[in-house]
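Dumping the structure here so I can ask a few things about it.
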Amino acid sequence: MTNQFHRILNYMSLFIVILAVLFGFFHTAFLQMASTNYIINGIIIGVGLFGIGLCFYEMFRLLPEYRWLNAYTHGRRNIKLPPYILRQIALVLQKRPCRIYTDTLSGMLEMVAVRFDDTLESIRYITNTLIFLGLLGTFWGLVTTLGGFHELIAGLNINDADVMTSIQNGLSGPLAGMATAFTSSLLGLGASLIMGFLSHMVGRAHSAIYTEIGDYMAAHTHNVKCDVPNNNNGESNVKHKI
């Protein structure tokens, strides 16, 4: 279990290292692209970096869960309880019941799945925010482009001898708007793709925990009573149910 966690974390780290190497090779072009609009592109880059940090934060939050589950399934009982996702299940399993009923198993696995969805909700929100910011920059750039063309045409004097110079000077505004539109779209989609990969890795880590706890609990699931002798004569049956 812990080895699988480290393998997924290594994939994420390797992915970030590859991105850092690519940035090192193409940092000049990237900075030129980002400088077309410091406001929108800066916000996109900032949100993307925050999202990357959040993905790694969620992964490190899972490490105590992995350690507890790995230790529990290998027979160790006197271990520190997990902090969040598996805490309630750990509190129940501490009593070490001899049988878990199928309806109880379904409810406990559903509770784990809901908590996993809660942890992924913030990552999904940031991914959608990056797409939205990219589209916002696109429309902002298009509006700037259309406004620049309108001002250029409105202020153009055909009879002026320097009409070509006026056109060249007037095109700077529309071209800047087009640059904003394309660069913000590219940054927004690129950042959302990065977040998508990291989110997928976090989801794989969740699936590993879910599968492990589901397999372990399914191996202890029965629909019959558990026969345990009482303290008096050793003949009575006690029904253990979580």
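Would you call Arg67 surrounded by 11 or more Cβ atoms within 10 Å (Cβ to Cβ), touching a Pro at 6+ places or on another chain (Cβ under 9 Å) and either outside any loop (DSSP other than H, G, I, E, B) or at pLDDT 75 or above (or both)? I'd like the intermediate steps shown before the answer.
Values: surrounded by 11 or more Cβ atoms within 10 Å (Cβ to Cβ): yes; touching a Pro at 6+ places or on another chain (Cβ under 9 Å): yes; either outside any loop (DSSP other than H, G, I, E, B) or at pLDDT 75 or above (or both): yes.
When the stated conditions are applied, Arg67 passes them.
Closer than 22 Å to Asp215 by Cβ and hydroxyl-bearing (Ser, Thr, Tyr): is that true of Tyr57 in this structure? So that I can check it myself, show each step before the final result.
On the way: closer than 22 Å to Asp215 by Cβ: no; hydroxyl-bearing (Ser, Thr, Tyr): yes.
For Tyr57, the condition - closer than 22 Å to Asp215 by Cβ and hydroxyl-bearing (Ser, Thr, Tyr) - is not met.
Have a look at Gly177, Gly173 and point out the one that is in contact with an Asp or Glu (Cβ under 8 Å, 6 or more places away or on another chain), at pLDDT below 75 and either more than 12 Å from Gly137 (Cβ to Cβ) or part of a helix (DSSP H, G or I) (or both).
On the way: Gly177 fails: in contact with an Asp or Glu (Cβ under 8 Å, 6 or more places away or on another chain).
Among Gly177, Gly173, only Gly173 is in contact with an Asp or Glu (Cβ under 8 Å, 6 or more places away or on another chain), at pLDDT below 75 and either more than 12 Å from Gly137 (Cβ to Cβ) or part of a helix (DSSP H, G or I) (or both).
Now, a different point. Quick one: would you say Phe5 is surrounded by 10 or more Cβ atoms within 10 Å (Cβ to Cβ) and over 22 Å from the mean Cα position of the chain (by Cα)?
Numbers: surrounded by 10 or more Cβ atoms within 10 Å (Cβ to Cβ): yes; over 22 Å from the mean Cα position of the chain (by Cα): no.
When the stated conditions are applied, Phe5 does not pass them.
Is there a residue in region 25-39 that is at pLDDT 80 or above, within 27 Å of the chain's Cα centre (by Cα) and closer than 30 Å to Ala219 by Cβ?
No, the conditions are met nowhere in region 25-39.
Does at least one position in region 81-93 carry a residue that is modelled with pLDDT under 85, surrounded by 13 or more Cβ atoms within 10 Å (Cβ to Cβ) and either in contact with a strand residue (DSSP E or B) (Cβ under 8 Å, 6 or more places away or on another chain) or of a type in the set (Gly, Ala, Ser) (or both)?
Yes, some residue in region 81-93 is modelled with pLDDT under 85, surrounded by 13 or more Cβ atoms within 10 Å (Cβ to Cβ) and either in contact with a strand residue (DSSP E or B) (Cβ under 8 Å, 6 or more places away or on another chain) or of a type in the set (Gly, Ala, Ser) (or both).
Now a separate question. (1) under 20 Å from Leu189 (Cβ atoms); (2) free of Cβ contacts under 8 Å to residues at least 12 places away in the same chain; (3) among the aliphatic types (A, V, I, L, M): which one isn't true of Val47, the others all being true?
In the conditions (1) under 20 Å from Leu189 (Cβ atoms); (2) free of Cβ contacts under 8 Å to residues at least 12 places away in the same chain; (3) among the aliphatic types (A, V, I, L, M), Val47 misses (2) alone.
The values are calculated or read from the model by the stated rules, or taken from the named source; none is laboratory data. Because the structure is predicted, anything quoted here is derived from the model rather than measured. Ideal geometry is used to build each Cβ from the backbone, glycine not excepted, and the neighbour counts take in all protein chains shown.
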